[in-house]
Amino acid sequence: MQALYPGSFDPLTLGHLDVIERAAHVFDQLVVAVLRNPSKNPCFSVEERLGQIRSATEHLSNVEVAAFDGLTVEFAQACGAGVILRGLRALSDFEYELQIAHTNKSLAPQLETLFIATATANSFLSSSVVKEVARFGGSVGHMVPTGVAEDLARLFNQSSRDRS
Ligand code: ADP
């Protein structure tokens, strides 16, 4: 069975990576897909995010990385996935995720949405918190893969130099 794990991943955190590693054990094939959504005003380009995910998942032979735009259900069908995978951190994620899952079910009844509950240690992690900490020079080494920490340091050092 093939699954699709869609998201913004701006940037990839250890929470996302935990979901990916666990899903890679459950499914034969996992496609991690970055949504091209310029309206979210991302920090990292889609190509940068694809690179970050590729290098963090090099050890997982059944994980592929791709970008997509348009409807998630259409992309899932195009890549042959029967499952859309999402992560759940806390109750606060649930309402939004349930709404999306019902919407996707109404659009493509043959697709299932499955959720992986985050490891407790990652339950506070989000891409936006990571960016906020990195922006103010805080250490994010325990929140993101090494390559992402380096990209964040480069990005925010650069922008603080540009401002001065
Ligand atoms: P989106 O913009 O689609 O919500 P995100 O990159 O923020 O994209 O998240 C992608 C998926 O990963 C979502 O299902 C989200 O709930 C889940 N997720 C985000 N952070 C974590 C975490 N720390 N642990 C587990 N799942 C997470």
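I want to verify a result. In a Gaussian network model of the chain, Cα cutoff 10 Å, which of these has the top mean-square fluctuation: 133, 19, 83?
It is 133.
For residue 5, enumerate residues with amide H under 5 Å from its amide H, sequence gap 5+ or separate chain, H modeled in the peptide plane.
Hits under the 5 Å cutoff: 31, 32, 33, 85.
Mind checking region 103-160 for chymotrypsin sites (Phe, Trp or Tyr not before Pro) that DSSP puts in a loop (not H, G, I, E or B) and that have at most 10 other Cβ atoms within 10 Å?
Within region 103-160, the qualifying chymotrypsin sites (Phe, Trp or Tyr not before Pro) (loop, at most 10 other Cβ atoms within 10 Å) are 136.
Let me check the size of region 1-60 from its C-alpha atoms; what are the radius of gyration and Dmax in Å?
11.5, 34
In whole Å, what are the extents of region 92-142 along the principal axes defined by its C-alpha atoms, from largest to smallest?
Between the extreme Cα coordinates on each principal axis of region 92-142 lie 46, 21, 17 Å.
Assign unit charges at the C-beta atoms only (+1 for Lys and Arg, -1 for Asp and Glu), then state the dipole size of the chain relative to its Cα centre in Debye, rounded to the nearest 20.
380
Return the equivalent ellipsoid semi-axes of region 59-107 as a descending list in whole Å, where each equals the square root of 5 times an eigenvalue of the C-alpha gyration tensor.
21, 17, 9
Counting other C-beta atoms within 10 Å, and keeping those with at most 11, which DSSP coil GluC sites (Glu not before Pro) do you find in region 1-96?
When the GluC sites (Glu not before Pro) of region 1-96 are filtered for loop state and at most 11 Cβ neighbours within 10 Å, 58 remain.
Identify the residues of region 1-27 with backbone N under 16 Å of a label point that sits 7 angstrom from the Cα of residue 146 along the Cα-to-Cβ direction, or state none.
Once the point is set 7 Å along Cα→Cβ of residue 146, 14 turn out to lie under 16 Å by backbone N, inside region 1-27.
Which residue, 29, 52, 110, tops the fluctuation ranking in a GNM of the chain built on C-alpha contacts under 10 Å?
Looking only at 29, 52, 110, the biggest GNM fluctuation is shown by 110.
Extension gain residue 74-residue 92, at 0.36 nm per residue separation less the Cα-Cα distance, in nm?
Contour length minus Cα-Cα distance gives 3.8 nm.
With the full set of protein chains in place, find how many percent of the accessible area of the chain is carbon and sulfur; take the probe as 1.4 Å.
Carbon and sulfur together cover 54 percent of it.
With a 10 Å cut-off between alpha carbons and a GNM built on the chain, which of 53, 116, 100 moves the most?
Result: 100 has the largest fluctuation of those listed.
Against the 2.2 N^0.38 Å scaling, with N counting residues, where does region 2-162 land? I'd like the Cα-based Rg ratio to two decimal places.
1.03
The values are calculated or read from the model by the stated rules, or taken from the named source; none is laboratory data. Please read these numbers as outputs of a predicted model, since none were measured by experiment. Here Cβ is always computed from backbone atoms with ideal geometry, including for glycine, and neighbour counts include all displayed protein chains. SASA here: full protein model, heavy atoms, side chains in, ligands and nucleic acids out. Shrake-Rupley method; radii C 1.70, N 1.55, O 1.52, S 1.80 Å.
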